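J.: Can you keep this structure in mind? I'll have questions shortly.
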Amino acid sequence: MSSNLQKKNRLLSGKDLFFLGMGQCIGAGIITNTGLAIGAAGTGVIVAYLMAFVVTYVGNLPNLIFATIHPVASPTYVSTSWLNKKLGGYWLYTQVFSTLAQAYMGSAFGTYLNSIFPSVNPSLAACGILTLFYIINLFDIKTSARVQNITTAFMLLTIASFVVLGLPKCNMEVMFNSENFFYGGWLGIFNGCALVLFGVGGCAYLPQYGPQMEKPHRDIPKMTTLVYICAFFAFGLVAFVGAGVAPIAEVAGQAMTYQAKIIYPGNGFLLFIIGGALLAIVTTINSNFSRYWVTIIRGVDEGWLPTVFAKRNKYGVPFVLHTVFFLMALIPNLCGMNIGALSGLASAICLIPQLIPVWGFLKMPERCPEDWSKAAKLSKTFASLGSRVALCLLATILVGIFVVLNILNFSRFTTICFFLYFAITGIICFGFGDKMLAKREAAENTQR
């Protein structure tokens, strides 16, 4: 009885999930990318953000339904491997590379901290914050969730202060005239959406935490949807106010700290840098450390990485894998590498594979018939293969349009690395995948 209670106390509640999702979604992008979106869409940036959230929600709806009905570890890996085991490994390797984006988060934290305290070394600050949250996330996920709840709450209060203090400085009549609201026309709004689309994608990761949740069947759809709605208002209102406190030509392309200097009295803008920019980065770093391993751990257990990576500590954290991800974030900051290029390449490599897992939704009735039958409303709605294909096709088209737009903007270096990485991982997965999985299965049978 006591062990069951202890286990329950380590699971994530609905409140934990909400703050985890908000912290994951609201990162450095709200400070930096929003100014670029204003430059494209003017005050119509709020429509650009609405489009971005609708596209990402619908684009991830098959994954959300999958994890709601079948809340297993690493659901996107599972759904991909249902299509093809080797394809699942292929998808897993792209996720491993994506963890280089954590190096960028550390670098961004160091840069913002240095802007407040010039004596602080940005690289040391980056390494310090990454090390702190690496240690915190070595404990059970509930520990990092408690930290997330506090930091995200303060961040949201800061964002609210930006909106409340900024709105009176906005001239609504000017903001809603066609010249400002359609600053770049509908094409500008569309381009603004493309600029921020992948920055709001953090909302989509809550389904990965199924086994760590108290009530996954209820909280996965409820909290994911709530986070999408609340994050839209946070992003959209900050962007709308940021576009209205000064002429569009003046604020276009600026980081939101520029508008904060207009909105807050005196040195009050430092509140926005600390409570907004720094905490946005901190909450993303914290949630990333757990998100990286929960997303792929099922595939690691099955043999796509050496056995040592699957070893857990007493809190259930795969500490070797967790340490590798920490080093992937730390080393670029220690060595003065081009973190922006690495992060851009990591994001590029994840683009195409994110279109694959949604199609695993087609296999649900045959692969998990018991869970499928229990989800009466969903299984009835998507009872026919045609309805499931239609949803997956819609999701693929919506996200695929922006994936193609991003690929067209790749630099030559990114394009070469992009195709080289896919070629190497393809050879590993489709050439040696059967042997890798069979070897792990044989080792487990021997241990039994």
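J.: Tally the residues that are over 19 Å from the mean Cα position of the chain (by Cα) and among the small types (Gly, Ala, Ser), restricting the search to the range 225-250. Please lay out each step first, then the result.
T.: So the first thing to find is which residues in the range 225-250 are over 19 Å from the mean Cα position of the chain (by Cα), and the list is 237-250.
Then keep just the ones that are among the small types (Gly, Ala, Ser); that gives 239, 242-244, 246, 249.
Residues flagged as over 19 Å from the mean Cα position of the chain (by Cα) and among the small types (Gly, Ala, Ser) within the range 225-250 amount to 6.
J.: Residue check, GLN254 against (1) modelled with pLDDT of 90 or more; (2) of a type in the set (S, T, N, Q); (3) more than 17 Å from LYS142 (Cα to Cα), all met but one. Which one?
T.: Single failed check for GLN254: (1).
J.: Separate question: Kindly evaluate ILE129 against the criterion of being more than 30 Å from ILE401 (Cα to Cα), out of contact with any Pro (no Cβ under 9 Å at 6 or more places or on another chain) and not small (Gly, Ala, Ser). Outline the logic, then answer.
T.: On the way: more than 30 Å from ILE401 (Cα to Cα): yes; out of contact with any Pro (no Cβ under 9 Å at 6 or more places or on another chain): yes; not small (Gly, Ala, Ser): yes.
Here the answer is yes, as ILE129 does meet what is asked.
J.: Follow-up. If we keep just the residues of the range 194-219 that are within 12 Å of CYS25 (Cβ to Cβ) and aliphatic (A, V, I, L, M), which is surrounded by the most Cβ atoms within 10 Å (Cβ to Cβ)? Spell out the reasoning first.
T.: Taking the range 194-219 first, the residues within 12 Å of CYS25 (Cβ to Cβ) are 196, 198-206.
If we keep only those that are aliphatic (A, V, I, L, M) as well, we get 196, 200, 204, 206.
Values: VAL196: 26, VAL200: 25, ALA204: 23, LEU206: 31.
It comes out as LEU206.
J.: Here are some residues: LEU156, LEU124, LEU138. Which one is under 22 Å from TYR258 (Cα atoms), among the hydrophobic types (A, V, I, L, M, F, W, C) and either touching a residue at least 12 places away in the same chain (Cβ under 8 Å) or surrounded by fewer than 15 Cβ atoms within 10 Å (Cβ to Cβ) (or both)? Full working, then the answer.
T.: Values: LEU124 fails: under 22 Å from TYR258 (Cα atoms); LEU138 fails: under 22 Å from TYR258 (Cα atoms).
Among LEU156, LEU124, LEU138, only LEU156 is under 22 Å from TYR258 (Cα atoms), among the hydrophobic types (A, V, I, L, M, F, W, C) and either touching a residue at least 12 places away in the same chain (Cβ under 8 Å) or surrounded by fewer than 15 Cβ atoms within 10 Å (Cβ to Cβ) (or both).
J.: Name the one entry in THR68, THR94, THR76 that is under 15 Å from the mean Cα position of the chain (by Cα), at pLDDT 90 or above and in a helix (DSSP H, G or I). So that I can check it myself, show each step before the final result.
T.: Details: THR68 fails: under 15 Å from the mean Cα position of the chain (by Cα); THR94 fails: at pLDDT 90 or above.
Testing whether each residue is under 15 Å from the mean Cα position of the chain (by Cα), at pLDDT 90 or above and in a helix (DSSP H, G or I) leaves just THR76.
J.: Tell me, please, whether a residue that is over 26 Å from ILE26 (Cα atoms), out of contact with any Cys (no Cβ under 7 Å at 6 or more places or on another chain) and in contact (Cβ under 8 Å) with a residue 24 or more places away in the chain can be found in the range 341-360.
T.: Step one: of the range 341-360, the residues over 26 Å from ILE26 (Cα atoms) are 359-360.
In the following step, the residues that additionally are out of contact with any Cys (no Cβ under 7 Å at 6 or more places or on another chain) were identified as 360.
Subset that is in contact (Cβ under 8 Å) with a residue 24 or more places away in the chain: 360.
For the range 341-360, residues over 26 Å from ILE26 (Cα atoms), out of contact with any Cys (no Cβ under 7 Å at 6 or more places or on another chain) and in contact (Cβ under 8 Å) with a residue 24 or more places away in the chain: present.
J.: Look at LYS222 and say whether it is within 20 Å of the chain's Cα centre (by Cα), assigned to a helix (DSSP H, G or I), at pLDDT below 90 and surrounded by fewer than 20 Cβ atoms within 10 Å (Cβ to Cβ).
T.: Values: within 20 Å of the chain's Cα centre (by Cα): yes; assigned to a helix (DSSP H, G or I): yes; at pLDDT below 90: no; surrounded by fewer than 20 Cβ atoms within 10 Å (Cβ to Cβ): yes.
No; evaluated as a whole, the condition is false for this residue.
J.: I've got another one for you. Looking for whichever is more than 22 Å from GLN24 (Cα to Cα) and either crowded, with 16+ Cβ neighbours inside 10 Å or in contact with a Gly (Cβ under 7 Å, 6 or more places away or on another chain) (or both) here; the options are MET364, MET337. Which one fits? It would help to see each step written out before you state the result.
T.: Values: MET337 fails: either crowded, with 16+ Cβ neighbours inside 10 Å or in contact with a Gly (Cβ under 7 Å, 6 or more places away or on another chain) (or both).
The conditions single out MET364.
J.: Next up: Tell me the helices (runs of 4 or more DSSP H) entirely within the range 374-448 that contain at least 3 residues that are under 21 Å from ILE356 (Cα atoms).
T.: On the way: elements: 376-381, 385-408, 412-447.
Counting at least 3 such residues, we get 385-408, 412-447.
J.: Please return the ranges of helices (runs of 4 or more DSSP H) entirely within the range 111-179 where 3 or more residues are of a type outside the set (A, V, I, L, M). First the steps, then the outcome.
T.: Values: elements: 122-136, 141-166, 172-175.
In the range 111-179, the matching helices (runs of 4 or more DSSP H) lie at 122-136, 141-166.
J.: A further question on this structure: Name the pairs whose Cβ atoms lie under 7 Å apart, with the first residue in the range 250-265 and in contact (Cβ under 8 Å) with a residue 60 or more places away in the chain and buried (at least 18 other Cβ atoms within 10 Å of the Cβ), the second outside any loop (DSSP other than H, G, I, E, B) and basic (Lys, Arg), and 6 or more positions between them or separate chains?
T.: ILE263/LYS169
J.: SER81 - would you say it is of a type outside the set (Val, Ile, Thr), modelled with pLDDT of 90 or more and either farther than 30 Å from TYR421 by Cβ or assigned to a helix (DSSP H, G or I) (or both)? Quick ask: steps written out before the conclusion?
T.: Numbers: of a type outside the set (Val, Ile, Thr): yes; modelled with pLDDT of 90 or more: yes; either farther than 30 Å from TYR421 by Cβ or assigned to a helix (DSSP H, G or I) (or both): yes.
Criteria met by SER81.
J.: If you take the residues in the range 165-176 that are surrounded by fewer than 14 Cβ atoms within 10 Å (Cβ to Cβ) and in contact with a helix residue (DSSP H, G or I) (Cβ under 9 Å, 6 or more places away or on another chain), which one is farthest from ALA260 (Cα to Cα)?
T.: Per the criteria, the residue is PHE176.
J.: Can you find even one residue in the range 305-315 that is polar (S, T, N, Q), more than 20 Å from LEU124 (Cβ to Cβ) and surrounded by fewer than 22 Cβ atoms within 10 Å (Cβ to Cβ)?
T.: Quick first cut of the range 305-315, residues polar (S, T, N, Q) only: 307, 313.
Checking the rest, the ones that are also more than 20 Å from LEU124 (Cβ to Cβ) come to 307, 313.
Those still in the list that are surrounded by fewer than 22 Cβ atoms within 10 Å (Cβ to Cβ) too: 307, 313.
The answer is yes; a qualifying residue exists.
J.: Within the range 36-52, can one find any residue that is buried (at least 20 other Cβ atoms within 10 Å of the Cβ), over 13 Å from ILE189 (Cβ atoms) and not acidic (Asp, Glu)?
T.: There is no residue in the range 36-52 that is buried (at least 20 other Cβ atoms within 10 Å of the Cβ), over 13 Å from ILE189 (Cβ atoms) and not acidic (Asp, Glu).
J.: Here's a follow-up. Return yes or no: is ARG291 modelled with pLDDT of 90 or more, basic (Lys, Arg) and either crowded, with 21+ Cβ neighbours inside 10 Å or in a helix (DSSP H, G or I) (or both)? Before the answer, list the steps.
T.: Working: modelled with pLDDT of 90 or more: yes; basic (Lys, Arg): yes; either crowded, with 21+ Cβ neighbours inside 10 Å or in a helix (DSSP H, G or I) (or both): yes.
Considered against the rule, which asks whether it is modelled with pLDDT of 90 or more, basic (Lys, Arg) and either crowded, with 21+ Cβ neighbours inside 10 Å or in a helix (DSSP H, G or I) (or both), ARG291 comes out as yes.
J.: Within the range 276-321, can you find the residues that are more than 30 Å from VAL163 (Cα to Cα) and among the aliphatic types (A, V, I, L, M)?
T.: VAL294, ILE296, ILE297, VAL300, LEU305, VAL308, ALA310, VAL317, VAL320, LEU321
J.: Name the single residue that is farthest from ILE248 (Cα to Cα) among those in the range 13-35 being surrounded by fewer than 23 Cβ atoms within 10 Å (Cβ to Cβ) and modelled with pLDDT of 90 or more.
T.: SER13
J.: Sticking with this structure for a sec: Name, by its number, the condition in (1) over 16 Å from ASN63 (Cα atoms); (2) surrounded by fewer than 17 Cβ atoms within 10 Å (Cβ to Cβ); (3) among the aliphatic types (A, V, I, L, M) that does not hold for ALA348.
T.: (2)
J.: Pick from ALA243, ALA231: which is under 30 Å from VAL294 (Cβ atoms) and touching a residue at least 40 places away in the same chain (Cβ under 8 Å)? Break it down into steps so the answer makes sense when it comes.
T.: On the way: ALA243 fails: under 30 Å from VAL294 (Cβ atoms).
So the residue among ALA243, ALA231 that is under 30 Å from VAL294 (Cβ atoms) and touching a residue at least 40 places away in the same chain (Cβ under 8 Å) is ALA231.
J.: Follow-up question, since we're still on this one. In this structure, is THR131 crowded, with 17+ Cβ neighbours inside 10 Å and either out of contact with any Cys (no Cβ under 6 Å at 6 or more places or on another chain) or modelled with pLDDT under 95 (or both)?
T.: Working: crowded, with 17+ Cβ neighbours inside 10 Å: no; either out of contact with any Cys (no Cβ under 6 Å at 6 or more places or on another chain) or modelled with pLDDT under 95 (or both): yes.
So THR131 fails the test.
The values are calculated or read from the model by the stated rules, or taken from the named source; none is laboratory data. Because the structure is predicted, anything quoted here is derived from the model rather than measured. Methodologically, a virtual Cβ is constructed for each residue, glycine included, from the backbone with ideal geometry; neighbour enumeration extends over all protein chains shown.
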